[in-house]
């Protein structure tokens, strides 16, 4: 697994520590599926699911990174594609 601390060497838009608004997995495009959290990792290569089986980063690459986001409400961490992230928040 390659963990990045900045977007300098990748096509990553977001960095560790960024607070973002995003569409939760399985939430669909309905208003109540939008939530907020903090980017805790930027993954730029393939990685299997972690021991809990919660995070499967699939085919992450430097061109298509996965962002591990810790949800503000639940504290759970899940990897998301950039298309699920709507942008940074205050």
In nm, spacing of pseudo-spin labels at residue 73 and residue 33 (7 Å Cα→C-beta vector): 1.4 nm
Label-point gap, in nm, between residue 21 and residue 40 - each point 7 angstrom along Cα→Cβ: 2.3 nm
FRET efficiency, residue 63 to residue 90 (Cβ-Cβ, R0 22 Å, nearest 0.05): 0.15
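We did not get these values from a lab; they are worked out from the coordinates using the rules stated. All figures in this text were calculated on a predicted structure; none of them were measured in a lab. So basically every Cβ, Gly included, is an ideal-geometry build from the backbone, and we count neighbours across all protein chains shown.
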